[in-house]
Amino acid sequence: MGTVTSLDAHAHGTRHAPISPAILYFGSQVSLLSTVDEEGHPNLAPNSSVWWLGQTAMLGVAARSQTGRNLLANGEAVINLPSIAGVDAVDRLALTTGRSPVPDRKAAAGYRHVRDKFAEAGVRPIAAETVAPPRVAEFPVHLEGRVVTIHPMGGTATPAEASLLAVELGITRVHVVESLRMPGHANRIDPGRWRPLMMNFQRFFGLGDETMPSRLASIDEEWYRG
Ligand SMILES: Cc1cc2nc3c(=O)[nH]c(=O)nc-3n(C[C@H](O)[C@H](O)[C@H](O)COP(=O)(O)O)c2cc1C
């Protein structure tokens, strides 16, 4: 574990300035979301708006992306989590969309249409077990899930009117590679071995070292199942 530093005024200083960031990109976990369209054609798109509670993943997705359309149409997805080793595959899909033609605002920002996102990223699709979208074979964690509810963001009444969607995905199956499992436990992931990829204001980072023991860890992880 790293050295614990005291929370004193010298760490960051105490003079705060009011600013207006264009996006509140304070750091979150990166995934590739796989979905399928009405013809069953798979799409894959980088996402960094996911948080977890119980057996639910909440995703932030642009409604007019191909991913948003697919989720609205059939409600199935796989959240494919890379470790930091998967960063290149994620980056290859930046500035691409499964939509054709590319919407004007995206075209102006340099986006291009890519039909086969798996080939573009250099990864292989493998079948999921509970949903139609395929998994990314090379990534160490796959969470299959089905939409429970799609919440329109920004105060609009329906998802069709919203430009951003908060997608509540009920997780139906979790797959992890052997090397991430905690020895001696059937259902646990070893947090010392799992190195999620993070995006922090449009730049990629890994996690730093573990800082100090957590008091919450006195609770057996199985307690959360109830
Ligand atoms: C690392 C990374 C993280 C991203 N995070 C999100 C996100 O959380 N939500 C979102 O709607 N778009 C996000 N995007 C942008 C989408 O990937 C982009 O809109 C893409 O065109 C969607 O592809 P699609 O139209 O084929 O679904 C992210 C892009 C990158 C490269």
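The values are calculated or read from the model by the stated rules, or taken from the named source; none is laboratory data. Treat the numbers as computed from the prediction; the structure is a model and nothing was measured. Neighbour counts are summed over all protein chains in view; Cβ atoms, including those assigned to glycine, are modelled from backbone coordinates with ideal geometry. Just so you know, the surface numbers come from the protein's heavy atoms only, side chains and all, with ligands and any DNA or RNA stripped out. Shrake-Rupley method; radii C 1.70, N 1.55, O 1.52, S 1.80 Å.
Run the numbers on the stretch 31-207 and let me know its relative contact order in percent, using alpha-carbon pairs under 8 Å that are six or more apart. In percent, rounded to a whole number, it is 24. Loop sites by DSSP among the chymotrypsin sites (Phe, Trp or Tyr not before Pro) of the chain, restricted to those with at most 13 other Cβ atoms within 10 angstrom, leave 27-200 as the longest stretch without any of them.
Of the trypsin sites (Lys or Arg not before Pro) found in the stretch 99-163, those in coil by DSSP whose Cβ has at most 13 other Cβ atoms within 10 Å are ARG115.
With Cβ to Cβ distances under 13 Å as the rule, what net charge do the other residues near GLY98 carry (K, R +1; D, E -1)?
Every neighbour counted, the sum reads +2.
The GluC sites (Glu not before Pro) of the stretch 45-132 that DSSP puts in a loop, and whose beta carbon has at most 15 other beta carbons within 10 Å, are GLU129. Of the GluC sites (Glu not before Pro) found in the stretch 134-181, those that fall in a DSSP loop while having at most 12 other beta-carbon atoms within 10 Å are GLU161.
Could you please report the charge total around GLY68, scoring K, R as +1 and D, E as -1 over all other residues with beta-carbon less than 12 angstrom from its beta-carbon?
Numbers: positive: ARG64, ARG69, ARG99; negative: ASP37.
Residues close to GLY68 contribute a combined charge of +2.
Mean residue ellipticity at 222 nm, helices only, the chain: -3000 deg cm²/dmol; runs of at least 4 DSSP H residues each add -39,500 (n - 2.57), and the sum is divided by the number of residues. Heavy atoms of the protein chains alone define the surface here; on that basis the stretch 97-155 has 54 Å² accessible area per residue at 1.4 Å probe size.
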